[in-house]
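Only one structure is covered here, and it is reproduced in the block below.
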Amino acid sequence: MNDASFGTTARLLMPRWVRLVLILLAISVGVTLLINRPDEGELLVNFLITLAYTGSLWFANDGAVAWLDRFVSWRAAPVQRFLLTITVSLLVSLVAIFLVNLVFRTMYFHQPVRVMFTAAVWRDFVFPLVVTVLLSLFQHSRAFLLKWREVAIQAERLEKETAVARLDSLRRQVDPHFLFNSLNALTSLVEENDPARAVRFIRQLSQVYRYVLDSETQELVTLADELRFAESYLYLQKTRLGDALAVDLELPPAPQLAPFFVPPLALQLLLENVIKHNTAFQADPLRIAVRLDVAGGTLTVRNTLRPRRLSESETSGLGLKNLVARYAFFTNKPVAITKEGGEFVVTLPLLVL
């Protein structure tokens, strides 16, 4: 095993807290030897003081960063986060230095507490504070650059995944099978001498293709637009399959839909997957239920789980994966995919701008 392989293996096998302890010890030993001569009698005491400074400042600043991450992100407000980081870092460092001084001066050197409030002691705080600020600037600048790189990578990945998802959705919509089935259904309406239904079918088919083309360049669309599109899409499928498809679409009044957005064709993807992957019979229809939870901010599609066998070319499995990846860029709320009680259930989080 070469040196590089040994180092990599050691990092993988060594717990994080062990590496942290070794780093703190190395820093403390280095600083102690730098500011003291090896023959001084108080070398051990100075080492312990340095270790206490190093450890307390490390953990105080690390905890402060973790706390700030919960409230202000580098991505959303970089300038505000930078200023807050410096301010909080100074405050927690000052508290850590004060407490370390207090403990050693009162418990080891047996000095009274009032000595902590003298000018001579506070002058001793200047050097560790300056060092802390410099290290903090380096640490948080590095964190910012890493976050920036992560966001850039995510944006590039999202752009590629969105392009693939759009192309895949467009391809499925203009797929010869979909168009062939739609034209067959239209032919049946014409042969049945039902011009009113034939005209409506043509209009719904036109709306489906128009929506696909219009939404191709959009990152998000309103929930109301997506639901109108889904109604047109379901009308076409219902006309084609007849009683073999039972759809239960319960939606609240339009004003309640206004605040919500979804990635374009998200709902259509779920509905298409239901019809594509499950069998439907006149005597035993395939049931689809679409529910909107305004309070919870979710849209749920559930269907009878009755899988049918598909060829490998028809089961790429990319549709749901792309949808989950697109949602991950916009929100931390997951797309829930479950099987329960003989049903396949997918719950989409609704987005609010």
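The values are calculated or read from the model by the stated rules, or taken from the named source; none is laboratory data. Every value quoted in this text rests on a predicted model; they were computed, and no experiment measured them. With ideal geometry, Cβ positions are generated from the backbone for all residues, glycine too; neighbour counts draw on all protein chains shown. Side chains included, ligands, DNA and RNA excluded: accessible areas come from the protein's heavy atoms. Shrake-Rupley method; radii C 1.70, N 1.55, O 1.52, S 1.80 Å.
Name the one entry in 328, 283 that is over 24 Å from the mean Cα position of the chain (by Cα) and of a type outside the set (Lys, Arg). Walk me through it before giving the result.
Numbers: 328 fails: over 24 Å from the mean Cα position of the chain (by Cα).
Just a single option satisfies the conditions, and that option is 283.
Before we move on, is residue 269 over 20 Å from residue 341 (Cα atoms), within 24 Å of the chain's Cα centre (by Cα) and in the same structural domain as residue 322 (by the TED database)?
Numbers: over 20 Å from residue 341 (Cα atoms): yes; within 24 Å of the chain's Cα centre (by Cα): yes; in the same structural domain as residue 322 (by the TED database): yes.
Yes: the conditions hold for residue 269.
Restricting to segment 316-331, and then to whatever is of a type in the set (Phe, Trp, Tyr) and either touching a Phe, Trp or Tyr at 6+ places or on another chain (Cβ under 6 Å) or open to solvent by 60 Å² or more (accessible area, probe 1.4 Å) (or both), can you tell me which residue is modelled with the lowest pLDDT? Reasoning before the result, please.
Initially, segment 316-331 is screened for residues of a type in the set (Phe, Trp, Tyr), giving 327, 329-330.
Still in the running and either touching a Phe, Trp or Tyr at 6+ places or on another chain (Cβ under 6 Å) or open to solvent by 60 Å² or more (accessible area, probe 1.4 Å) (or both): 329-330.
Values: 329: 79, 330: 85.
The qualifying residue modelled with the lowest pLDDT is 329.
Among the candidates 215, 206, which residue alone is in a helix (DSSP H, G or I), farther than 16 Å from residue 301 by Cα, of a type in the set (S, T, N, Q) and touching a Pro at 6+ places or on another chain (Cβ under 6 Å)? Give the steps one after another, and end with the answer.
Numbers: 206 fails: touching a Pro at 6+ places or on another chain (Cβ under 6 Å).
Only one candidate passes the filter, namely 215.
Taking the conditions exactly as written (surrounded by 15 or more Cβ atoms within 10 Å (Cβ to Cβ), at pLDDT below 75 and not assigned by the TED database to the domain that holds residue 329), does residue 85 satisfy them or not? Spell out how you get there, then give the answer.
Values: surrounded by 15 or more Cβ atoms within 10 Å (Cβ to Cβ): yes; at pLDDT below 75: no; not assigned by the TED database to the domain that holds residue 329: yes.
Against the criterion (surrounded by 15 or more Cβ atoms within 10 Å (Cβ to Cβ), at pLDDT below 75 and not assigned by the TED database to the domain that holds residue 329), residue 85 does not qualify.
Matching residues to (1) in contact with a helix residue (DSSP H, G or I) (Cβ under 6 Å, 6 or more places away or on another chain); (2) over 20 Å from residue 150 (Cα atoms); (3) aromatic (Phe, Trp, Tyr); (4) modelled with pLDDT of 75 or more:
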position	(1), (2), (3), (4)
35	no, yes, no, no
38	no, yes, no, no
45	no, yes, no, no
51	yes, yes, no, no
55	yes, yes, no, no
64	yes, yes, no, yes
71	no, no, yes, yes
77	no, no, no, yes
Looking at segment 88-109, is at least one residue free of Cβ contacts under 8 Å to residues at least 12 places away in the same chain, closer than 20 Å to residue 144 by Cα and within 31 Å of the chain's Cα centre (by Cα)?
-> no
